[in-house]
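This report concerns only the one structure given below.
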Amino acid sequence: MNIPDLLLLGFAACIAGTLLGSLLVRATRGRPISCLPSAYRERHAETQEWLERRNLLRLPGACLVDSVRPWILGESATVIFLSTAGILGGGIAEVAKALPAAVGFGAGVLFLALRGEARRALLSVQRDLPVACFLLSLLLESGMGPSAALQETVAALPAGPLAREIGELVRARSLGVPRDESMDRSRNRVPSEDYRLFLNHIRQGERLGIGLSGSLRELSAKLLESQRDRAETVAQQAAVKMLAPLVLFIFPAVFLIILSPVLFGLWGRFGG
């Protein structure tokens, strides 16, 4: 690397450091340095929400992702790609040429990580939903109103996407948002048929005045049964998925161990 490249690299590093410092100052807004993780999380949450509002991030369940791990992975992949290009290329020109590819690579890593987190969030919603239905039915049978029962259900559920979503539903009601509007927003945020069925039961029970606790108890039993059926399906598919590793890796080794004495005997008899 010659002197002009070093000067250009130092100038680019100075500009990048200045921009990063200004972003950190704007993010902290006069708060202590210990608030940097929360400021980082808030900024990326705002960016993700902006992308979702403009339909630039079309991933089912992406709004349920509360972790910044996908963003860290995407940004780290971009930095590693640029660093590798700078080390192998030996100049700032190669780094500039690799910038679009690095951004694309980081965006791909971010997309894959977000998709994985969104799938795990949806699976968590399906796992916790029968428990939520059962708890809500018990609280309604004890004499609580629907809003108070939902609030207590949120407090009793384990921390996760379902607890946050029902908590957001309760918060919207407390702020005066109409019931149908808050439920429609929640239905759009969670692309799960089981969750939409849960909201339909609540809406019909509140609108028609029917026995909501009994219907929720039946819904909880149906959801548990469907989860059991899915688990049995996955267990039945496991044997088929294990066939390829068995044929490619395990069976050849077993045959080699069993037949090795015979092969060595034949080699010693006919080969020597």
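For Phe249 and Asp229, the difference between the fully extended length at 0.36 nm per residue and the C-alpha to C-alpha distance is 4.1 nm. Positive end of the dipole of the range 126-222 (Cβ unit charges, origin at the Cα centre): among Ala163, Asn188, Ala148, the Cα lying farthest that way belongs to Asn188. Put a plus charge on the Cβ of each Lys and Arg, a minus charge on the Cβ of each Asp and Glu, and nothing anywhere else: the dipole of the range 62-193 about its Cα centre is then about 200 debye.
Laboratory data are not the source of any read-out in this text; all were calculated from the coordinates shown. Quick caveat: nothing in here was measured; it's all calculated off a predicted structure. When we count neighbours, we look across all protein chains shown, and the Cβ atoms used for this are built from the backbone with ideal geometry, even at glycine.
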